[in-house]
């Protein structure tokens, strides 16, 4: 069948202090990314950005961004991510870099990866915990994050969504 | 009896790593004094406008440059031919003056650029 296939880039915004993350908006990321693609890839890159790219999801607390682009040009957008050094948000410049965690063919695969990734991060946080109460918190968080929510969604749908899952390791 | 001479034909795909382009710069107000470095810089600016920093960093060489005629021979890798050619097509101005690049010949072999049927001159008598 003929339809537009897309690639979802799951990225993480890494900042030196987490408080500056709170005011992040998806428009900020979009404009910064557009400027970076224009600098790195010129008029050709700007045109490709205009047709296919949109910031689908942004979590200001954890700094997770989901960027959607066309399947043919996702590498171009991905390469421009490394040129982003600061995000400008209402006159404030926040020093940061965007780290790409995962490339997926659908939002669902990115969601599954994110759950697994978060669980790994929590495992890594466990030895760093100083008090017992923190350790209990972390253990409870690890046990609570599961793929059951995602599996329920899959059971509901008829499985007609068969995007090719472009699972690539970063 | 002699054997009939065999005819063999070799067909190469991607025989050469490079492509060679013979180009000439045409300015609106007649010829200016342009050095070879300025010529190459002009082409790099054109690449930068269209393809950004990544495009402008693509390596190409100016092999020969004729300052009187403003013609030159460029050498570029196969993967960059389309980008270079499109950047040359869309280049419009040099120091606020209208200009155009004319691409005379493109070939994967440098030897092919030495003979050009556009500049062919017949002798006085055509022998049939």
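Looking across region A:13-40, the residues that are free of Cβ contacts under 8 Å to residues at least 40 places away in the same chain and not in a helix (DSSP H, G or I) come down to A:17, A:22.
Of all residues in region A:41-63, those that are within 14 Å of chain B (Cβ to nearest Cβ) have Cβ atoms under 8 Å from Cβ atoms of residues that are surrounded by 14 or more Cβ atoms within 10 Å (Cβ to Cβ) and part of a strand (DSSP E or B), 6 or more apart or on another chain, in A:48/A:70. Scan region A:104-116 residue by residue and report those that are part of a helix (DSSP H, G or I) and either closer than 17 Å to residue A:69 by Cα or touching a strand residue (DSSP E or B) at 6+ places or on another chain (Cβ under 9 Å) (or both). The answer is A:107, A:108, A:109, A:110, A:111, A:112, A:113, A:114.
Return the residue satisfying two criteria in turn: it lies in region B:90-120 and is in a helix (DSSP H, G or I) and modelled with pLDDT of 85 or more, and of such residues it is farthest from residue B:63 (Cα to Cα). Once the filter is applied, the top-ranked residue is B:90. Scanning region A:16-59 for residues that are more than 18 Å from residue A:91 (Cα to Cα) and within 16 Å of the chain's Cα centre (by Cα) yields A:53, A:54, A:55, A:56, A:57, A:58, A:59.
Buried (at least 21 other Cβ atoms within 10 Å of the Cβ), within 14 Å of chain B (Cβ to nearest Cβ) and in contact with a helix residue (DSSP H, G or I) (Cβ under 7 Å, 6 or more places away or on another chain): is that true of residue A:37 in this structure? Here the answer is yes, as residue A:37 does meet what is asked. The single condition among (1) free of Cβ contacts under 8 Å to residues at least 60 places away in the same chain; (2) farther than 16 Å from residue A:27 by Cα; (3) under 16 Å from the mean Cα position of the chain (by Cα); (4) not in a helix (DSSP H, G or I) that residue A:101 does not satisfy is (1).
Residue A:72 meets all of the listed conditions (1) away from chain B (no Cβ under 14 Å); (2) closer than 30 Å to residue B:90 by Cβ; (3) touching a residue at least 24 places away in the same chain (Cβ under 8 Å) but one, namely (3).
For region B:42-62, a tally of residues being over 16 Å from the mean Cα position of the chain (by Cα), more than 7 Å from chain A (Cβ to nearest Cβ) and part of a helix (DSSP H, G or I) returns 2.
The values are calculated or read from the model by the stated rules, or taken from the named source; none is laboratory data. Note that the structure is predicted; figures quoted are calculated from it, not measured. Glycine gets a Cβ as well: all are built from the backbone with ideal geometry, and neighbour counts include every protein chain shown.
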